[in-house]
Amino acid sequence: RKSISCGILMIGGAVVSSYSRGQTVIATSSAEAEFYGIAALSSEMMFVLNLLNELGFQFSGHVHADSSSAISIAARRGVGKVKHLEIRSLHVQDLVKRKFLTIHKVKGESNPADLGTKILTWNRIHYLCGLINLRINYQNKTKMVKNNDVENLDINYIEKSEARNIDE
């Protein structure tokens, strides 16, 4: 069973890249799954930061995560009490120690990454999109559904959170 991760890469309040995909490793705990999500986003972020640095721009990297356990794993050195952690994901600890990136705690109810990992109501999608400056085009909403009361619909085709396991 593998988990789902979602990452949203932003520069100056603008979404540059986003993804929602299955993790390549099997996590034995939700903290592990969240940490693997942080590791994946950190790798993509370092690519963009290095590219911008080559172009003469200086940015600092900030990762926002809602898992205190995963943030703790990223802040320490080594695997600690987590016994089954993939060694290749420990580069995040080095990036944090060398201050290439900073990891911040975000409240679970205010995590825009839920857009790619959870089943959400239309109102919740609208709220989370607002947090990352995305606007929903209502122009063709009558073509999406026959019910004109779009605000009360549930959107059921988005996968669950990365802490939830799905079948391979």
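The values are calculated or read from the model by the stated rules, or taken from the named source; none is laboratory data. For clarity, every value in this text was computed on a predicted model and none was experimentally measured. In this analysis, Cβ positions are derived from the backbone assuming ideal geometry, glycine residues included, and neighbour counts consider all displayed protein chains. With ligands, DNA and RNA removed, areas are computed over all heavy atoms of the protein, side chains included. Shrake-Rupley method; radii C 1.70, N 1.55, O 1.52, S 1.80 Å.
Results, tabulated for the structure shown:
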quantity	calculated
The lone exception for THR28 - which of (1) under 24 Å from HIS84 (Cβ atoms); (2) touching a helix residue (DSSP H, G or I) at 6+ places or on another chain (Cβ under 9 Å) it fails	(2)
Of all residues making up region 101-115, the number that are open to solvent by 30 Å² or more (accessible area, probe 1.4 Å), touching a helix residue (DSSP H, G or I) at 6+ places or on another chain (Cβ under 7 Å) and part of a helix (DSSP H, G or I)	2
Lone qualifier among VAL96, VAL79 - being without any contact (Cβ under 8 Å) to a residue 24 or more places away in the chain and either touching a Gly at 6+ places or on another chain (Cβ under 8 Å) or closer than 17 Å to ALA40 by Cβ (or both)	VAL96
Exclusive hit being in contact with a His (Cβ under 7 Å, 6 or more places away or on another chain) and of a type in the set (Ser, Thr, Tyr), set THR24, THR28	THR28
Residue count for region 77-93, restricted to those that are surrounded by 12 or more Cβ atoms within 10 Å (Cβ to Cβ) and under 15 Å from ALA39 (Cα atoms)	8
Subset tally (residues that are within 19 Å of GLY108 (Cα to Cα) and open to solvent by 30 Å² or more (accessible area, probe 1.4 Å)) for region 11-39	4
